[in-house]
Amino acid sequence: MADESYDYLIVGAGFAGSVLAERLAADANKRVLLIDRRSHIGGNAYDYYNDDGILIHQYGPHIFHTNAKRIIDYLSKFTEWRPYEHRVLAHVDGQLVPIPINLSTLNQLYQLEMTPEEAEQFLVARAEPVAEIKTSEDVVINQVGRELYEKFFRGYTTKQWGLDPSQLDKSVTSRVPTRTNDDDRYFIDEYQQMPLHGYTAMFNKMLDHPNIDIMLNVDYREIRDSIKHGHLIFTGPVDEYFDYCFGKLPYRSLEFRHLTIDQPQFQPVAVVNYPDQQVEHTRITEYKYLTGQTHPKTAITYEIPQAEGDPYYPVPRPENTELYRRYQALAENTPNVTFVGRLATYKYYNMDQVVGQALATYQRLMEAKNSPTLIAEMH
Ligand code: FAD
Ligand code: UDP
């Protein structure tokens, strides 16, 4: 294989790399080599049947949701879907209550029977308006006040990020809304559905093309000088690509503790969050809710945040954005290389956003082909 020459070398077989491989091979008829240092395709969305035959997500729960029909239309070429609306409970004050905070959360916690209007007043009375919302603490305090912030957000966020919410950009806790109605869905996106046979099956179909070769268990550094290729698409960590020349970009890691339990059901919903700082895990996921699989046993995963390990989450805070900008400037001045995806653009993106970014990148690559100005911009 090393003797062959490829139009594109793509590093990373997650959503970013796989979507680009598929488009370049199937739409533009390019020869593509897709590599990953892991032993599998799918990146962090990889799922597999464990030893007990239960479909689990190796890197924690991946729930698909989007408002973009064009992304559903694109992925539907490679999978059928099962409808799934995600619901999460939080373990707070010895009870399991809905998160995002909603009418039932408030009524259950405070043993009240408020209407939505009363709940709104309840929150207005507790909220502490913040003039300029900058941090993840500001967002929550401004909406629900300190008591609910302490119960639901401070412990979870401190565990998840190793930082106090006041040290994190507002975008982090802004992902979780507050409601005064009884909508207990985690997401309100128009499309909420899971690949019917799982993510890995979808990736297998996406990459099943004669123009695509795949090499697994191989790091870019090991092959970069031996594989003849034209353009490079890099979806790994951008700081790693540049040998950390400006210093390391912080990423948060996780340990995933997978267990099979000899009973059909473990918890009442797919995910239960544990904001309490006395326990080390942030959440427990039970996969059968996500996959619809029936099985006499059930599989669960504890997520335990870590400072070191695989880079899972870019850490949104001003100094990190600043450092990323320096790498971004370098990336933009690196000819013949395109950086795409959550790690290469240091963005806390969901799967649909990465698919969107990859499809847009493909468009730009194609447009740049015949335009010298655009080629310069792409680089
Ligand atoms: P990745 O999936 O990280 O793929 C990058 C690949 O590049 C990796 O496989 C890596 O091994 C490979 N690589 C890196 N460097 C090299 C190198 N030097 N040589 C060879 N290979 C290399 N999104 C949602 O929409 N819904 C969710 O519910 C959701 N839950 C999540 C839960 C967790 C715990 C995490 C961590 C993420 C979650 N996400 C979720 C986000 C989702 O995982 C990402 O948006 C998506 O997987 C990003 O795809 P990517 O291709 O950019 O990166
Ligand atoms: N969060 C929290 N308590 C919760 C749920 C979320 O404090 O019960 C905060 C936490 O900082 C988390 C962020 O909100 O990292 C975003 O939550 P989300 O569920 O979107 O996290 P992800 O699924 O991306 O890990």
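The values are calculated or read from the model by the stated rules, or taken from the named source; none is laboratory data. Only a predicted model underlies this, so the values are computations on that prediction, with no experimental measurement involved. Note that we place each Cβ from the backbone using ideal geometry, even for glycine, and neighbour counts take in every protein chain shown. Remember, those area values only see protein heavy atoms, side chains included, never the ligands or the DNA or RNA. Shrake-Rupley method; radii C 1.70, N 1.55, O 1.52, S 1.80 Å.
Rolling a 1.4 Å probe across the protein heavy atoms gives the chain an accessible surface of 45 Å² per residue. In the chain, the calculated helix contribution to ellipticity at 222 nm averages -8000 deg cm²/dmol per residue, counting -39,500 (n - 2.57) for every DSSP H run with n ≥ 4.
Lysine pair count for the chain with Cα-Cα distance under 24 Å and sequence separation of 8 or more or different chains is 23. The spacing between the stretch 32-73 and the stretch 111-163, judged by their C-alpha centroids, is 33 Å.
What the phi angles of the stretch 42-48 give under the Karplus curve with 6.51, -1.76 and 1.60, with θ = phi - 60°, is a coupling list of x, x, 6, 8, 4, 10, 7 Hz, glycine and proline written as x. Taking amide H atoms as placed 1.01 Å from N in the peptide plane, the amide H of Y287 lies under 5 Å from those of A299, each 5 or more residues away in sequence or on another chain.
In sequence order, the stretch 225-235 has phi-based couplings of 8, 9, 9, 6, 8, x, 6, 10, 10, 10, 10 Hz under the Karplus curve 6.51 cos²θ - 1.76 cosθ + 1.60, θ = phi - 60°, and Gly or Pro positions carry x.
Translational diffusion coefficient of the chain (Stokes-Einstein, Kirkwood radius from Cα pairs, 25 °C, 0.890 mPa s): 110 µm²/s. Within the accessible surface of the chain, defined with a 1.4 Å probe on protein heavy atoms only, the carbon and sulfur portion equals 47 percent.
If eta is 1.306 mPa s and T is 10 °C, what Stokes-Einstein diffusion coefficient results for the stretch 55-184, Kirkwood Rh from Cα pairs, in µm²/s?
Rounded to a whole number, D works out at 95 µm²/s.
Would you calculate the volume per residue, in Å³, of the smallest convex hull containing every Cα atom of the stretch 225-307? Walk me through the numbers on the way to the answer.
Values: hull volume 15.3 nm³, N = 83.
Output value, Cα hull per residue: 184 Å³.
With no solvent and one point on each alpha carbon, what is the Debye value of log10 I(q)/I(0) for the stretch 1-134 at q = 0.22 Å⁻¹? Listed by q, the Debye log ratios stand at -1.34.
If you place +1 on the Cβ of every Lys and Arg and -1 on the Cβ of every Asp and Glu, how big does the dipole about the Cα centre of the stretch 264-379 come out, in debye to the nearest 20?
280
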